[in-house]
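The values are calculated or read from the model by the stated rules, or taken from the named source; none is laboratory data. Source: prediction; values computed, not measured. Here Cβ is always computed from backbone atoms with ideal geometry, including for glycine, and neighbour counts include all displayed protein chains.
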Amino acid sequence: MSLGRRWFCYAAATLLLGSFAACKKSGEGAAPAGSSAGAKTEATGLVVGHYASMTGSTAHFGQDTDKAVRMAVDEANANGGVLGKPVKLTTLDDRGDTAEAASAVTRLIDVEHVNALIGEVASSLSLAGARIAQRRGIPMISPSSTNPKVTQVGDYIFRVCFIDPFQGKVMATFARNTLKLDQVAILKDVKSDYSIGLADTFKTAFVALGGKIAVEQSYAAGDTDFSAQVTAVKATKAQALYVPGYYSEAGSIARTAQRLGLKVPLLGGDGWDAPELFSIGGDALDGSYFSNHFAPDGASPKGKAFMAAFKQKYGTDPTGLGMLGYDAAALLFDAVKRAGTTNGAAVRDALAQTKGFEGVTGKITMDKDRNPEKAAVILKISGGKAEYVGTVEP
Ligand code: PHE
């Protein structure tokens, strides 16, 4: 694979001002990262790096997020930029791979000289990137990684979404108290920190509510044959199957369940949030539920305005990912303005002090662990669409 193909260099400023090189190379103006970077970098304006799965089996995650991040950058630049200078955005494709995510982050810091990072969606990839960002003193905001370990990497790492101890409990409570289920089986992705963590919190909460885990099965991201696992679930009294994974495998698992006659609803989490879930899973998903960050029906006026702008620009509705990507970028700009500098430590402090920031996904206040408290929604799948069931406040 050629390096060139992996590079997505988007200088939003180029589109608007025509004055920025689309892909700035080392030494072309941006200051080196580190504590002395602030003053020098301000001469060229805020440089933002986005690392994302633009290709691969979770390509929807990266693409939807990147579209939204670019909207935030375009908007900021149309309004005079940040600290009076245009914002430059560079996106690198990590293809949904942990090693690629680490090298993308290194490259964004060393070659693009970014002042801050946005990414990743998948928790395992955010963890890989966060370790480097923390070491180098570059603030990072994950739009949508929900595993608690991500922000535990250190004080430069933030997120704008809820975390999985909450998300797992939301679905466990819904399964136990609303659907009145006694036994649920779990099928998790052992290659994903997200999946392992969410399976765990679901299990703990479901058992605490008096439910029983009928059987726990596993797969590894990229697997395409799930018949052994589905057969094992079929042999139990499970009344539902919890699949805390990503949309490609979740869709295939639903298909396999249908083919093998496992007639129970599937339950999932935010990793299901992609239109491809429906193209892969089809009617096998009817009657299934998943938890998510956002439902169009529940959007605030600000959220609705963003959705309309996204649709007008790209021709499709944003998923929760897009909404969170926009909020990550908008919060970063807000923090840089509050800090009055692009200096890493100062931006970190401003991010940590975030209180009541009005995002398109709701209000964001950072707690001491750099996580916001936010509501989750439950959606029901019917006829190839996700319908809003309800909102669960933290
Ligand atoms: N929460 C998932 C993770 O941490 C990523 C994700 C978020 C996927 C939102 C889809 C939608 O890995």
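If the requirement is being modelled with pLDDT of 95 or more, over 20 Å from TYR156 (Cβ atoms) and not β-branched (Val, Ile, Thr), which of these qualifies: TYR326, TYR388?
TYR326
When only residues in segment 98-135 that are closer than 27 Å to THR361 by Cα and polar (S, T, N, Q) count, which is nearest to the ligand (Cβ to nearest atom)?
Once the filter is applied, the top-ranked residue is SER123.
Residue by residue through segment 81-123, note down the ones that are buried (at least 24 other Cβ atoms within 10 Å of the Cβ) and part of a helix (DSSP H, G or I).
ALA101, ALA104, VAL105, LEU108, SER123
I'm told ALA250 meets every condition in (1) over 18 Å from ASP283 (Cβ atoms); (2) without any contact (Cβ under 8 Å) to a residue 40 or more places away in the chain except one. Can you identify the failing condition by its number?
All conditions are met except number (1).
Could you list, ordered by first residue, the pairs with Cβ atoms under 7 Å in which the first is in segment 339-355 and within 15 Å of VAL47 (Cα to Cα) and in the same structural domain as ILE141 (by TED's automatic domain parsing) and the second is part of a helix (DSSP H, G or I) and hydroxyl-bearing (Ser, Thr, Tyr), at least 6 apart or interchain?
From segment 339-355, the pairs are THR342/THR41.
I'd like the residue in segment 363-384 that is in contact with a Gly (Cβ under 8 Å, 6 or more places away or on another chain) and within 30 Å of GLY287 (Cβ to Cβ) and, out of all such residues, is surrounded by the most Cβ atoms within 10 Å (Cβ to Cβ).
This residue is ILE381.
Restricting attention to segment 215-261, and to residues there that are surrounded by 20 or more Cβ atoms within 10 Å (Cβ to Cβ) and more than 29 Å from the chain's Cα centre (by Cα), which single residue is farthest from ASP193 (Cα to Cα)?
ALA238
Show the residue pairs that are 6+ apart or on different chains and have beta-carbon atoms under 6 Å apart, the first residue being within segment 175-189 and touching a residue at least 24 places away in the same chain (Cβ under 8 Å), the second being charged (D, E, K, R).
Taking only residues 6 or more apart or on different chains, the pairs are GLN183/LYS212; GLN183/LYS237; ILE186/GLU216.
Quick one: count up the residues across segment 303-314 that are over 20 Å from the mean Cα position of the chain (by Cα) and either within 16 Å of the ligand (Cβ to nearest atom) or farther than 18 Å from THR65 by Cβ (or both).
The total comes to 3.
Identify, please: which residue in segment 136-161 is part of a loop (DSSP other than H, G, I, E, B) and within 9 Å of the ligand (Cβ to nearest atom) and is, among those, nearest to the chain's Cα centre (by Cα)? Quick ask: steps written out before the conclusion?
Narrowing segment 136-161 to residues part of a loop (DSSP other than H, G, I, E, B): 137-139, 143-148, 153-156, 160-161.
If we keep only those that are within 9 Å of the ligand (Cβ to nearest atom) too, we end up with 143-147, 161.
On the way: PRO143: 5, SER144: 3, SER145: 5, THR146: 7, ASN147: 10, CYS161: 8 Å.
Checking each candidate, the answer is SER144.
Among the residues of segment 222-233, is there at least one that is at pLDDT 95 or above, within 16 Å of the ligand (Cβ to nearest atom) and within 24 Å of THR65 (Cβ to Cβ)?
Among the residues of segment 222-233, not one is at pLDDT 95 or above, within 16 Å of the ligand (Cβ to nearest atom) and within 24 Å of THR65 (Cβ to Cβ), which makes the answer no.
Modelled with pLDDT of 95 or more and in contact with a Lys or Arg (Cβ under 9 Å, 6 or more places away or on another chain): is that true of PHE158 in this structure?
yes
Among the residues of segment 269-298, which ones are of a type outside the set (D, E, K, R), outside any helix (DSSP H, G or I) and within 16 Å of the ligand (Cβ to nearest atom)?
GLY269, ALA274, SER288, TYR289, PHE290, SER291, ASN292, HIS293, PHE294, ALA295
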